[in-house]
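All remarks here apply to the structure that follows.
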Amino acid sequence: MAGFFKIAIRNFLNSPTTDPYPFGETFTPENYRGIIDYTPELCIGCNTCEYVCPSGAIRVREKEDGSGISFSFWLNTCSHCGNCGYYCPTDAVFNSNDFHTARHQSEKFIPTIDDGISYVQCSNCKQKMKRPVEALLARAYEEITEEVRHQTSLCPECRRMKRFERM
Amino acid sequence: MITLSASSVFAYLLFPGGLFAVLFGLLLLSMGRIAVARFQGRVGPPIYQNIFDIIKLRVKEVLIPEDVTNKLMFCIAPVFGFVGMMTAIFILPVSGVYGGTGASSDLIVLIYLLALPAVSHILGGSASGSTYAAISVSREVILMFAYEISFIIVLFTVALAAGGGDGAQFSLKGIVDYQITHGSFISDIKMIPAFLAFVIFMLATLEVPPFHIAENDGDVMKGYLMEYSGMPLALFEITHALKLLVLITVLQVFFMPGIAGASIIVNLLWFIGKSAAVVACIAFIHASMPSFRVDQAFKFLMIVPILLSLMSLGMILFF
Amino acid sequence: MFSKYATKSPWLYRINTGSCNGCDVELATTALIPRFDVERLGCKYTGSPKHADIVLVTGPVTVRSENYLIRMLNEIPDPRVIVAIGICPISGGIYRDSYSIRGPLDKHVEVDVNVSGCPVRPQSILDGVAQAIGIWKDKIKQFHEA
Amino acid sequence: MIQAFVDSGNVISSIILAGGELLYFLVFIRVIRIVFLDKYRGGKLEDLKIQKLKLTYVLLAFITIGGFLPAFAVQPFVVLAGFMGSPITDLPPMGINWPLPVLLLTMGAALVYFIGQKSNKTAGLLSALVCLLTMPSLFFSSAGTYGISFAVLILFMGTLQFVYSVSYMEHSHKQYRFYTFFLLMIAGLLGVSLSGELLSMFFFWEIMSGWVMYLALSHEDDAFSVREATKYFTFNYLGAAFLLVAVAVMYNETGHWSYSDMAANFQYTQPAAIAILLLTLAFLMKAAQLPFRIDYQMHPKPAPTPISGYISSTVLKSGPFMMVKIFFLAAAGVTATTLFPLELIMHVSGWIGALTIIIAASFAMLTNSMKRLLIFHTVSQLGYVVVGCSLMTSMGLAGGLLHFVNHMFFKNLLFLCAGAVFISTGTDKMDKLGGLARKMPVTFICFMIGVLSIAGVPLYSGFVSKWLIYHAVMDSGFIGIAILALFGSVLTLASFIKFMHSAYLGQMQDNVKDAKEASWYMLLPMSVLAGLSILLGIFPGIALTPINSMLAEFAMQPMDITISSVTHGADSIDMLFIAATLLLGMALAVLVYVLTKTKTRKTHVFVCGVGDLTPEDSHVSSGNFYEDAKAIIKGSIRLMKKTIGLKGDYIER
């Protein structure tokens, strides 16, 4: 019991260690997995994030008018596991530090992120295709030559045809 | 016949009686909560917290358990405790501020009035028909059975000591005047064990953690208050606050009724200061002590406070 | 009379409908450890549903706990706020399509605030409670007009 | 014969003679029990013709005449002895004078016996009428205010008891027999309170606690009640034997029967002290102090409730009633030198009273049967009366007598409530009851008033008398008795809470489902007694003014009281003032309730949402109340039994 008395007196003497959160800022560790963030420019629409998400919070679908791919994220079922951030090849999806997840009931069914990427026209056969992403190119080639740049503007079939002709 | 003079009605309803006592009791309770929080290193609620608890309960809906055996008893139970405590405050003299009613401000009346809150808990708990309440009623009565002995012995010790050797002095006013002239009992070595026994009794009656058994959140959750909500619960909270104030006043009447100055204001501040000190000590024990189980508390209460009070009774009688 | 001050003492009550106790541990820390003291807002954990004002529900309402939940929900006095803590009560979380849960909480009672996260961060619980106090204020007003 | 032995100076042989008489009685009661009272299992029996019984009737007449008019019966022998040469010189005048009310009651009893055979209602109401009518005849009797006020109470309680038993005895058989014996018992009690001489007091004492009570107690005629009634009857007979010897010695010492001349020439000799001791012992035994074998010392459990309620509240009071009379009779002739034995006897009886309070109340914590719990509480409350009366100070006596009166009301109230519960549910076990308050609200309210007044809560009658007793005990400096007495009230409250919760509140059990409220006949006496308990709580002056005149009669300094307050030296108490503050507080609380206009709603009892609990397993019954307190009490009983050589634990007899 004597131990408790010492602790109680020590607590009493130095000021309380309560974190003033609602009335002041609080400390958040930097790799805290809060609500996920999505940068469309980096996204290549590869669906890995939807595939790895255990609770199905992310949904990547073809836009109705076929003009691109829609990425929608529903916070209320995301378990902040960080799989999406980990498996995304181009880090388009990553976990931010934002922990403010309290929402009113009326906002329950509004998707937290409702974004998407649009298709790009192939310069050769004018067909819609996903546009290449710089990050991916950087990873594939040491240095990006004019040649590589030109190929990125072709759709996969045209690129295959061009490669075939070159052989 | 009864002398319902204006001063006694004023004393009952406003100054040391109703409004002042309820507000001061609630402030003392929330001060206790703040002190406990500070001992645990957290900030604790604002000072007016318990007052707003009462106001919030006024707004709530009142729920009556449907298989309550006696709806009338269920609603009347809180009133017993409240009434007992209001009368107790009315008859208790505050040294230098309020002289007590003189006519029936008597030790034996005090014993039975102090038992009324426990009776109201018991009636409320068993009338509500809930099993948890019944178990906590049985615990409450076992505790009452145990701590009442030491309270009685302490009471008789004080009565005898205040009697100054020729029989016992039962009127509270007499005890206060005796101590003012002969020096308060807290300074008298013979009365220290009785003081300790009385403090243990206070902790046990107020259900402060070493004896937080009848309403223990661990197993019986809210105990006898389980089925109460809304205004009856507010009455119970007010009774608890009044009981804290009554016990502190009784402690001061018995052991330290010293007067600080001549004017009422100075004495009142001195009274408030002493009460705050007592609440701080109670909070200190609250913050640093776990609760007993029922049988441990029963064994403890049957041995330690009784021996302490018998010791000081013996010392008073034979020296 | 003073009903506008009534919101200064919200009493919290925890209902665990089969949760993995992750959120319950977070609920415990918001009240008991000195760091996130919920008592600053005037809150206090109560032992009985009859004293509850803000009800914190965790867990995906498993089959076994469903009718217990229904009985307990009607034992809570009226101007009350239901807060769903963690993703399980809001949408069933990672157990969403499992055979053993009876759907999100708002199939059984109309929920007011959803605090998602698995587990919920204590600060977001404090957020949820602050929001709930706001909702509770107009509920008290409606309750007294009616 | 005992008188002769005492005359010749050796008291010991008179005690042996009384012992022999007791043994004879034991044998004879066994014969009566087997022949008359046990169930007859043989073939058909038909009664003898009236002519054959002529001789027995003549003998019967002669015996009864000898009993009623002893002087007339002894006369021929005196003449005969004269012839035989050893004239009997100073025969003690054996005349017994019958106070008028007692005569009226016995005639009333005979009346009820004959007329009452038609139906239970007529018998019950008739006997109630008889009690009521004898009340005015009290004013002609010569006994002092002490005797008359006790007599008024006896008759008042008797009428209430009979009105109650009209509907209680509805189901039982041959009620007229029960009413007759009950009336005869009341007549005996009346004789004890009104008689002026010791001998006629002893004569009525024998009637009161003799055969009449035995036959009334074993009214149910089943083996259990007959066996219990025999136990109680033998215990009473033992008490009466002590009394017989003491009465003989007292006559020998003072040469007179009547109290006044006895007090006049009462010298303190060694046998006189023994006589006072025996008298106190007999009266304490009648009041069942130190309840070690409660089934012997107190009226039996299976007896019908009206009579057990009446015995607990009124007949047992004859013990302390006579004890006070004898104390003051002896105190009148006391001198400084001889004060010590009387002081010692009173101090010891004070301690016996205090110990009884604790022992009886702790036994009450253990039992599970309603009636036995009430019996234990009767004994413990009588302990208060004994403590109060044995202090010999004016305040002590006032406190004791006020508790004497208060206890009469609230104890009878509690017994009547227990009887009402017994009739409507059929079981006396508290474990099987539960949630009665919903079906029998009025009985519950009366019961609550009884509980609060027995526990001594300020607004009710128990408080004032306890306050007086505590002050008196503290003034004469017996700290130990005061602590035990005050702690006794906590024990009483604890055991009554167990009774209240397991029988009336808590979950509704299914054997209580069809219980219906007690009939109008039962509720009237209950509510009258409840009203009286509250009235005496707020205005104790009503009972204290006659007590003051009694104090004056005993040459004590009366208390200065008003209708509602008692002042004693420095401290005083004003019950109306306390009642006013309490009611003001209640009004305040009700006002607070009324101000909040919120909706109310009915919900389930909170058992963590579980829906399928049956009432049995969710009701905390009296068996599982206070395990720890019961453990300590059982432990101390085991210890006490071990010290006196017995083994075993508390046996619920």
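The values are calculated or read from the model by the stated rules, or taken from the named source; none is laboratory data. Keep in mind the model is a prediction, meaning the values are calculated, not measured. Using ideal geometry, Cβ is built from the backbone for each residue, glycine included, and neighbour counts are taken over all protein chains shown.
Would a scan of region B:45-53 turn up a residue that is crowded, with 19+ Cβ neighbours inside 10 Å, assigned to a loop (DSSP other than H, G, I, E, B) and modelled with pLDDT of 85 or more? Yes: region B:45-53 contains one or more residues that are crowded, with 19+ Cβ neighbours inside 10 Å, assigned to a loop (DSSP other than H, G, I, E, B) and modelled with pLDDT of 85 or more.
Screening the candidates D:ASP628, D:ASP617 for the property of being within 7 Å of another protein chain (Cβ to nearest Cβ), without any contact (Cβ under 8 Å) to a residue 40 or more places away in the chain and over 30 Å from C:GLU145 (Cβ atoms) yields one hit, D:ASP628. When B:SER291 is tested against (1) in a helix (DSSP H, G or I); (2) more than 30 Å from B:PHE90 (Cα to Cα); (3) within 20 Å of the chain's Cα centre (by Cα), exactly one condition is not met: (1).
Looking only at region B:303-315, filter to residues that are surrounded by 22 or more Cβ atoms within 10 Å (Cβ to Cβ) and not hydroxyl-bearing (Ser, Thr, Tyr); which one of those is nearest to the other protein chains (Cβ to nearest Cβ)? Per the criteria, the residue is B:LEU313. Against the criterion of being more than 25 Å from B:GLY81 (Cα to Cα), loosely packed, with under 12 Cβ neighbours inside 10 Å and at pLDDT below 85, D:ASP628 does not qualify. Applying the selection to region B:60-88, what residues are crowded, with 24+ Cβ neighbours inside 10 Å, hydrophobic (A, V, I, L, M, F, W, C) and farther than 21 Å from D:MET500 by Cβ? The answer is B:LEU63, B:MET85, B:MET86, B:ALA88. On inspection, B:MET202 qualifies as part of a helix (DSSP H, G or I), more than 11 Å from chain D (Cβ to nearest Cβ), under 24 Å from B:PHE236 (Cβ atoms) and not β-branched (Val, Ile, Thr). In region B:46-60, the residue that is farthest from C:PRO77 (Cα to Cα) out of those that are without any contact (Cβ under 8 Å) to a residue 24 or more places away in the chain and within 22 Å of the chain's Cα centre (by Cα) is B:ILE47.
In region D:441-453 there is no residue matching the filter, namely being touching a His at 6+ places or on another chain (Cβ under 7 Å) and part of a helix (DSSP H, G or I).
Being of a type in the set (A, V, I, L, M, F, W, C), more than 23 Å from the chain's Cα centre (by Cα) and more than 7 Å from every other protein chain (Cβ to nearest Cβ) narrows it down to one residue among B:ALA6, B:ALA11; which is it? Among B:ALA6, B:ALA11, only B:ALA6 is of a type in the set (A, V, I, L, M, F, W, C), more than 23 Å from the chain's Cα centre (by Cα) and more than 7 Å from every other protein chain (Cβ to nearest Cβ).
Only one entry of B:ALA287, B:ALA283 meets the criterion of being within 14 Å of chain A (Cβ to nearest Cβ), at pLDDT 90 or above and surrounded by 18 or more Cβ atoms within 10 Å (Cβ to Cβ), and that entry is B:ALA283. Among the residues of region D:504-532, those that are buried (at least 23 other Cβ atoms within 10 Å of the Cβ) and small (Gly, Ala, Ser) comprise D:GLY506, D:ALA518, D:ALA530. Residue count for region A:54-71 under the criterion of being within 14 Å of chain C (Cβ to nearest Cβ) and of a type outside the set (Val, Ile, Thr): the result is 5. So is C:VAL120 within 14 Å of chain A (Cβ to nearest Cβ) and more than 25 Å from D:HIS604 (Cα to Cα) or not? Answer is yes for this residue. When region C:13-33 is limited to residues that are out of contact with any Lys or Arg (no Cβ under 7 Å at 6 or more places or on another chain) and aliphatic (A, V, I, L, M), the one that is surrounded by the most Cβ atoms within 10 Å (Cβ to Cβ) turns out to be C:ILE15. In the set B:VAL83, B:VAL154, only one residue is outside any loop (DSSP other than H, G, I, E, B), more than 10 Å from chain D (Cβ to nearest Cβ), among the aliphatic types (A, V, I, L, M) and farther than 18 Å from B:TYR224 by Cα; that residue is B:VAL154. Please determine whether any residue of region B:269-278 is outside any loop (DSSP other than H, G, I, E, B) and within 14 Å of another protein chain (Cβ to nearest Cβ). No, there is no match, as no residue in region B:269-278 is outside any loop (DSSP other than H, G, I, E, B) and within 14 Å of another protein chain (Cβ to nearest Cβ). Checking every residue in region C:9-20 against the condition of being away from chain D (no Cβ under 14 Å), more than 19 Å from C:ALA130 (Cα to Cα) and not hydroxyl-bearing (Ser, Thr, Tyr) gives at least one match.
The condition of being farther than 30 Å from D:TYR626 by Cβ and of a type in the set (A, V, I, L, M) holds for only one of D:LEU576, D:LEU491, that being D:LEU576. Scanning region B:170-190 for residues that are facing chain D (nearest Cβ under 7 Å) and either of a type in the set (Phe, Trp, Tyr) or in a loop (DSSP other than H, G, I, E, B) (or both) turns up just one, B:PHE170. C:VAL81 meets the conditions (1) of a type in the set (Val, Ile, Thr); (2) more than 7 Å from every other protein chain (Cβ to nearest Cβ); (3) in contact with a Cys (Cβ under 8 Å, 6 or more places away or on another chain) in every case but one. The failed one is (3). For region B:54-72, a residue qualifies if it is within 7 Å of another protein chain (Cβ to nearest Cβ) and either in contact with a Leu (Cβ under 7 Å, 6 or more places away or on another chain) or not in a loop (DSSP other than H, G, I, E, B) (or both), and the qualifying residues are B:ILE55, B:LYS56, B:ARG58, B:VAL59, B:VAL62, B:LEU63, B:ILE64, B:PRO65, B:THR69, B:ASN70. Evaluation of C:ARG96 against the conditions (1) facing another protein chain (nearest Cβ under 7 Å); (2) modelled with pLDDT of 90 or more shows that the sole unmet condition is (2). Contact map, region B:247-276: first residue basic (Lys, Arg), second residue buried (at least 22 other Cβ atoms within 10 Å of the Cβ), Cβ cut-off under 8 Å, separation 6 or more or different chains; pairs are B:LYS274/B:ILE248; B:LYS274/B:GLN252. If you filter region D:253-272 down to residues that are part of a helix (DSSP H, G or I) and more than 15 Å from D:GLU197 (Cβ to Cβ), you find that the one that is farthest from the chain's Cα centre (by Cα) is D:GLN270.
Each residue in region C:1-53 was checked for being closer than 23 Å to A:ALA8 by Cβ and small (Gly, Ala, Ser), and 2 pass. Checked against (1) within 14 Å of chain D (Cβ to nearest Cβ); (2) under 18 Å from A:GLN105 (Cβ atoms); (3) surrounded by 21 or more Cβ atoms within 10 Å (Cβ to Cβ), C:HIS108 passes all but a single condition, namely (3). Of the numbered criteria (1) in contact with a Leu (Cβ under 7 Å, 6 or more places away or on another chain); (2) assigned by TED's automatic domain parsing to the domain that holds D:PRO320, the one D:LEU190 fails is (2). Inclusion of B:TYR228 among residues that are in a helix (DSSP H, G or I) and either within 14 Å of chain C (Cβ to nearest Cβ) or touching a His at 6+ places or on another chain (Cβ under 8 Å) (or both) is not warranted. The listed residues are D:MET395, D:MET365, D:MET370, and the only one of them that is over 29 Å from D:GLY541 (Cα atoms) and touching a Leu at 6+ places or on another chain (Cβ under 7 Å) turns out to be D:MET365.
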